[in-house]
Amino acid sequence: MAYNILIVDDSLTARTFIARTLQMAEVPLSQVYQARNGQEALDLLQRVWVDLVFADINMPTVNGTEMVRQMRAMDLLKSIPVIIISTDRSAQRMAEMREAGVQAYLTKPITPEDLKAVVERFLKSA
Amino acid sequence: MSADNINTLVEVAIEVLERYAFMLGDPPGTKGGPAVLPEPSWIVTISFTGARAGGIGVVVSPGLARQAAANFYEDPQTEDGDEQAQDAVKELLNIVCGNYLHRVERNGRIVNLTTPSLQVATLEAATRYVNGKPQAMLAVEGHPLLLFVET
């Protein structure tokens with residue numbers, strides 16, 4: 001089975017790095033969508049189905065926290081797992097994001113092993 | 001900002017460059033390392049507020065930033081205003097800052113980062129900008145990379 005993944009980050013470098021790291025981890029991919037902020041992601045999710053979202057927190061327009069809160073309030077999107085990939089390593093922020101409804105929290109720099117582990121945890125059991 | 005903080009910043013930067021950009025950085029004082037800022041210089045800064053307030057920055061050459069971008073992108077641009085190279089060095093500083101704050105802010109409290117900003121400067125302007133700030137010069141793949149702390 002191949003997966004549709006959405007990567008949300010305002011940095012093109014970060015989005016490219018995550019996409020390449022997914023390939024290096026040999027995650028079977030059907031489509032990899034990209035969005036530059038939470039609003040672009042929410043708009044995109046009205047048109048396409050994804051199996052998993054990787055998102056940053058600190059983004060313009062709609063940040064990662066608000067994006068997750070909005071997704072959790074929508075019947076269509078509330079079951080999609082969201083994995084945060086952030087530079088913010090504070091325990092307080094991680095707790096805040098768990099409360100908002102994220103499934104896992106990775107800190108940059110990430111490794112192929114990190115990504116493979118979360119994909120297996122949240123998708124292979126689905 | 002103490003000398004310990006600059007040392008921590010140097011350690012974190014070397015680790016992030018190696019793990020994320022696949023670039024080897026030599027610490028300050030390395031024999032034969034660069035001693036002067038590049039011309040032109042790209043000055044990239046990031047600020048933080050919350051449990052800890054302040055900022056850090058880096059001065060790099062466009063050549064080093066392009067080399068970092070080439071390591072990130074399968075098909076790097078060579079023109080178009082160096083957009084990818086500028087984005088790459090901003091993202092690197094973002095990661096360095098997050099990891100640096102994790103080391104110096106030990107209580108797990110929230111520190112909010114700004115989006116990194118970049119300005120292109122002459123050697124003279126860059127020298128003036130960092131003058132008097134705690135700083136350390138690294139050699140990265142033969143290029144100078146100056147880390148500094150905003151005071």
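The values are calculated or read from the model by the stated rules, or taken from the named source; none is laboratory data. Fair warning: this is a prediction, and the values are worked out from it, not measured in the lab. Neighbour counts are summed over all protein chains in view; Cβ atoms, including those assigned to glycine, are modelled from backbone coordinates with ideal geometry. Areas reflect the complete protein model, heavy atoms only, side chains present, ligands, DNA and RNA absent. Shrake-Rupley method; radii C 1.70, N 1.55, O 1.52, S 1.80 Å.
Assuming charge only on the beta carbon of Lys and Arg (+1) and of Asp and Glu (-1), the dipole of chain B about its Cα centre is about 760 debye to the nearest 20. Remark: region B:130-138, residue by residue, has Karplus-estimated 3J(HN,Hα) of 8, 4, x, 8, x, 8, 8, 9, 9 Hz, where x stands for each Gly or Pro and the curve is 6.51 cos²θ - 1.76 cosθ + 1.60 at θ = phi - 60°.
The H on the amide N of B:SER47, modeled in the peptide plane, is under 5 Å from the matching H of B:THR114, each at least 5 residues off or on a different chain. Size of chain B: Rg and Dmax of its alpha carbons, in Å, are 14.6, 44. For chain A, modelled as a GNM whose springs connect Cα atoms under 10 angstrom apart, the maximal fluctuation among A:LEU52, A:LEU76, A:LEU42 occurs at A:LEU76.
Please check which bits of region A:42-82 a label hung off A:GLU96 would reach, taking the label as a point 7 Å along Cα-to-C-beta and the cut-off as backbone N under 15 Å. So the set is A:56-60, A:62-69. Taken over the Cα atoms of region A:3-123, the convex hull encloses 90 Å³ per residue.
In terms of accessible area, using a 1.4 Å probe and ignoring ligands and nucleic acids, A:ARG20, A:ARG36, B:ARG66, A:ARG47 rank largest first as A:ARG47, A:ARG36, B:ARG66, A:ARG20.
So, R0 is 30 Å and r is the distance between the beta-carbons of A:LEU76 and B:GLN119; what FRET efficiency does that work out to, to 0.05?
The computed FRET efficiency comes out at 0.10.
Computed over the protein assembly as shown, the percent of Cα pairs more than 33 Å apart is 23. Each stretch of four or more DSSP H residues adds -39500 (n - 2.57); spread over every residue of the protein assembly as shown, this sum gives -12000 deg cm²/dmol at 222 nm.
Taking 27 Å as the straight-line reach from the Cα of A:LYS116, the lysines in range (excluding those fewer than 8 positions away in the same chain) are A:LYS78, A:LYS108, A:LYS124, B:LYS90.
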